[in-house]
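Step one of this worksheet: look at the structure below.
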Amino acid sequence: MKRATTALACAAMLCAPPAAAQWKYQLNESAFTAEGVNIAMTANAGYAFGFRCQGQDMEVLFLTNSNSFTNESLGASSLAPPQLLVRVDDHAVIEMNISLVENGGKSGAIGYVEMELANAVRNAKKRIAVALRILGEIQHEEWFDVVDSTIAIDKITAACGITE
């Protein structure tokens, strides 16, 4: 639940106007540990996509603009794990298993990520397409800009001590 709350709170900051489409990096300091939560995200049309890490564990976040997951889709992970689909520029689709979350009237997805995806986003030239595959159906397809993605990814990987 803490993961979902953190993710959705961060997305609320980024999901405001369409003009906020560039990538942003932010450190959310912790009052209880030496490590804060590092976040690199972008937003478009009420959706948000990005990464967060605390220590060297990086996660991918994708937040939708609605509370659209059904009990069937939330419970389906044991039958067919939901997947996040990401296409950077015109490259092959990167697929990863994720967990679906709902909090505060918004739906989202969280999953651990390999550096392959972060590096692809870092090096993106045109656009990033993101969607969810839930029970075999593609849902919530959205496009994101790449403005400042290199800067944001460099900052988050440096802050978390992640090397290629």
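The values are calculated or read from the model by the stated rules, or taken from the named source; none is laboratory data. Quick caveat: nothing in here was measured; it's all calculated off a predicted structure. Please note: Cβ atoms are built from the backbone with ideal geometry, for glycine as well, and neighbour counts cover all protein chains shown.
Some notes on this structure:
- Test set (1) over 23 Å from Val37 (Cα atoms); (2) at pLDDT 90 or above - Gly136 fails condition number: (2)
- Selection within the stretch 54-79 - farther than 18 Å from Tyr112 by Cβ, at pLDDT 80 or above and surrounded by fewer than 21 Cβ atoms within 10 Å (Cβ to Cβ): Asn65
- Of all residues in the stretch 103-118, those that are surrounded by fewer than 17 Cβ atoms within 10 Å (Cβ to Cβ) and either more than 14 Å from the chain's Cα centre (by Cα) or free of Cβ contacts under 8 Å to residues at least 40 places away in the same chain (or both) total 4.
- Looking only at residues in the stretch 31-53 that are touching a strand residue (DSSP E or B) at 6+ places or on another chain (Cβ under 9 Å) and either free of Cβ contacts under 8 Å to residues at least 24 places away in the same chain or aromatic (Phe, Trp, Tyr) (or both), the one that is surrounded by the most Cβ atoms within 10 Å (Cβ to Cβ) is Phe49.
- The stretch 142-164 residues that are among the hydroxyl-bearing types (Ser, Thr, Tyr), paired with ones that are assigned to a helix (DSSP H, G or I) (beta carbon under 6 Å, 6 or more apart): Ser149/Val121; Thr150/Arg122
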